[in-house]
Amino acid sequence: MNSFLSTTTNRRAALSFLYSSSLSDNLERVLFEIDANPQLDGVKPFADISSLSYFPGENEVLLMLGSILRLVSIDVGERGVSIIRSTLCSNSDHDVQAVFDYVKNQYGDAEATTLSFGLVLGLMGKYNEAEKYIRCLLKELPPDHEDIAACYHDLGEILDKKGDYDSSLQSHQKALEIMLQTRRPDHPDIATSYNSVAAVQVKTGNYTEALESFRKAFEIWRQAFGENHPNIALCLSDMAGIYQISGKFAEGLDCMKLALRIRQYHLPANHPDIADTHNNIGLLYFTLDQLDFALEHFNMSLKIKQICLPPNHPDIAMTLSNMSLVYEQKEEFNQALLFRAIINLLIVGNAICLAASYNQLEWLFLSLFIVEALLKMYAIGVKEYFHHRWNIFDFTIVFVSTTYSLLTAIIKTLSLNRDVLDAILVIRVLRLVKLVGNVERFKVIFGTFSKVIPTLITYLRVMFMIYYVFAMIGMEIFQNRIVHLDSNSTFAEFCNDTRLNGSDFSKGQYCRNNFNDYLSSLILLFELTVVNQWHVLASGFVIVTSKVARLFFLAFHLCAVIVVLNIFTAFVIDSFLNQYTLSKSKEFPWMQQENLIAERLTRQGYRIIRRYDNIKQSEEVTKKKFNLLEKLRAFVQPSVYRRMTVILQTMADEERALLLHWRGNVDIDPIALLNLTNDSS
């Protein structure tokens, strides 16, 4: 392979070669003038080979590929020839060192290797020549050569740009297979290979596999470079794209915001990549119908692009187009809110008419609901209409109500019995359930309750175990001591035991509350838990046995009521608060990231103390441990979570926290960051 650049010190010879070349529509004549100082240290070798050439009159000088040239000027000479003047530089030149390091990091080692020429061909857009060259290398290199994996990787990149995704994926997977065999599992090159595999898998539609490959690349890069590396930002952006395609917009927004933080740390404030990231975040917010946040990020993107790009650049037009979509959607959104408010008023009015039996107005409301369904079908299409559960719910109720009204009219005309149809009337009241879905706070609260219920299974098991133990003990001690008899029996009034005659137990007719079988025992224990007259029930068994029986009921009251039930209540409230925060954070995904940062601060030794009282609420981050007095005070002080007012106050705090605009700043004080969120953990 020719690894040298042929030049000459004879300007006429260079121009003769230049003028003898044929021109095409997309080619121009260019003359390079290179100032090369042979006494400069650190430059690539170059030499005058006139004495060794078959054509000594050409005054040929060979420059080694990989030489660094600094651009000086570009001018237009005679006959339209462009003259590019440059100076040969060394690798250690201070002015070009930063550029050299960037190129080295971007494209690998800058030293000329057998693979460098293929990379250059690919960068020039000569994909067929690059593919042919790399395939020749794969045939010539020995099987154990260190560049084999790199050859397959670069071949995959070339095939990807050619649009041959299947062959590209095979090449990338071959490169990954070789790297896994020849490198340690956490080598950064393996992460690069995983990332390339994932990029092609996205183009072939294998989103699940692509996401898994991106995650593997992310984990390796995170271990190798930390969580604040540009490669991490690249991987997060790619993962966000998959989440967006899969409809998981909240997860995609989380990834894109993390990528924005990293890029803001490494790149200049007006870098185009930051503008693109803001634009992508705006699109995700737009998809989530959070139009104000979308418009905010589109504005940030536009400001950066107007600084770093030409005025007529297509990216500026794209951002302006996105902003126009937001303004258009905001207008439609306001109209949709008005439409929804009218429908809600109709629902409430219909419920009032049903309660007051205004039969004349039933047809009016039913007609309006039918018009609502028809308008939605016309606007979004019948197929799309039935894709939404609330629309199916509405249509079912409207259909049943219409059928009911028609049958009612027929039965009334024929003077038939309509008792069965009256039961169907209850279905129309279910329309009020729609209000839960339309009011955001109601929707979050009901959704929170539905998610809290499964977490209660563990505590229900504890309660059942306590009930079972005390039921078995009660049956052993009190079985057949109190018996429920028929009302015709002489002893029915005092439960088959004359000692109960005149007692509060017999006056309250508690004879059914006994330990004669397992089911009756469970019912009695449940009444002891929730009924205020538990001491009356206990006194009846004391009368028919002895005063020692009080110990049984006191023990049950202590275990089941005071301890377990209070813990159960505290657990329900705490779970509700956690689920409520999580539900709100899904609407505002930045809260999840802030909570993660709070958890990391906690693991690093910081302690987050949250106090609730009627005077103030405060958060502190300290580095000290609890002393004995603090532990005693924390133990003695009643738990604030046992007061319902605190739940309502916490919910209000969550709502206020969501009004804060998170802008993705990197250099932010941890305490200020914690003040942005209510960390329920």
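The values are calculated or read from the model by the stated rules, or taken from the named source; none is laboratory data. Keep in mind that what you see is a predicted model, and the values were worked out from it rather than measured. Don't worry about glycine lacking a Cβ; one is built from the backbone with ideal geometry, like all the others, and counts go over all protein chains shown.
Within region 202-214, is there a residue that is in a loop (DSSP other than H, G, I, E, B), farther than 18 Å from residue 157 by Cβ and in contact with a helix residue (DSSP H, G or I) (Cβ under 7 Å, 6 or more places away or on another chain)? Within region 202-214, none of the residues are in a loop (DSSP other than H, G, I, E, B), farther than 18 Å from residue 157 by Cβ and in contact with a helix residue (DSSP H, G or I) (Cβ under 7 Å, 6 or more places away or on another chain).
Scanning region 243-253 for residues that are surrounded by fewer than 22 Cβ atoms within 10 Å (Cβ to Cβ) and either assigned to a helix (DSSP H, G or I) or small (Gly, Ala, Ser) (or both) turns up 243, 244, 245, 246, 247, 249, 250, 251.
Here residue 178 clears all of (1) aliphatic (A, V, I, L, M); (2) touching a Phe, Trp or Tyr at 6+ places or on another chain (Cβ under 6 Å); (3) farther than 25 Å from residue 262 by Cβ except the condition numbered (2).
Of all the numbered requirements in (1) in a loop (DSSP other than H, G, I, E, B); (2) modelled with pLDDT of 90 or more, residue 268 misses one, and that requirement is (2). Contact map, region 155-178: residues that are assigned by TED's automatic domain parsing to the domain that holds residue 133 and in contact (Cβ under 8 Å) with a residue 12 or more places away in the chain paired with residues that are of a type in the set (Ser, Thr, Tyr) and assigned to a loop (DSSP other than H, G, I, E, B), Cβ distance under 7 Å, separation 6+ or inter-chain. Pairs shown: 165/204; 169/204. Within region 136-154, being without any contact (Cβ under 8 Å) to a residue 12 or more places away in the chain and either part of a helix (DSSP H, G or I) or not assigned by TED's automatic domain parsing to the domain that holds residue 203 (or both) holds for 136, 139, 140. Taking residue 556, is it buried (at least 19 other Cβ atoms within 10 Å of the Cβ) and either assigned to a helix (DSSP H, G or I) or touching an Asp or Glu at 6+ places or on another chain (Cβ under 6 Å) (or both)? So residue 556 passes the test. When 239, 256 are checked against the criterion of being in a helix (DSSP H, G or I) and at pLDDT 90 or above, a single residue qualifies: 256. Counting the residues of region 489-505 that are modelled with pLDDT of 80 or more and in a helix (DSSP H, G or I) gives 4. Quick check: is even one residue across region 52-71 among the aromatic types (Phe, Trp, Tyr), in the same structural domain as residue 89 (by TED's automatic domain parsing) and free of Cβ contacts under 8 Å to residues at least 40 places away in the same chain? So far as region 52-71 goes, yes, one or more of its residues are among the aromatic types (Phe, Trp, Tyr), in the same structural domain as residue 89 (by TED's automatic domain parsing) and free of Cβ contacts under 8 Å to residues at least 40 places away in the same chain.
Looking across region 466-524, the residues that are in contact (Cβ under 8 Å) with a residue 40 or more places away in the chain and hydroxyl-bearing (Ser, Thr, Tyr) come down to 467, 503, 518, 521.
I'd like the full set of residues that are among the acidic types (Asp, Glu) and over 33 Å from the mean Cα position of the chain (by Cα), limited to region 139-163. Answer for region 139-163, where residues must be among the acidic types (Asp, Glu) and over 33 Å from the mean Cα position of the chain (by Cα): 140, 144, 146, 147. If you go through region 176-196 and keep only what is crowded, with 16+ Cβ neighbours inside 10 Å and either in a loop (DSSP other than H, G, I, E, B) or not polar (S, T, N, Q) (or both), you end up with 176, 178, 179, 188, 189, 190, 191, 194. Determine whether residue 551 is at pLDDT 85 or above and either in contact with an Asp or Glu (Cβ under 8 Å, 6 or more places away or on another chain) or exposed (fewer than 15 other Cβ atoms within 10 Å of the Cβ) (or both). So residue 551 passes the test.
Within region 4-21, restricting attention to residues that are assigned to a loop (DSSP other than H, G, I, E, B) and over 60 Å from the mean Cα position of the chain (by Cα), the residue that is nearest to residue 79 (Cα to Cα) is 10.
Residues of region 519-530 that are surrounded by 13 or more Cβ atoms within 10 Å (Cβ to Cβ) and out of contact with any Phe, Trp or Tyr (no Cβ under 9 Å at 6 or more places or on another chain): 520, 523.
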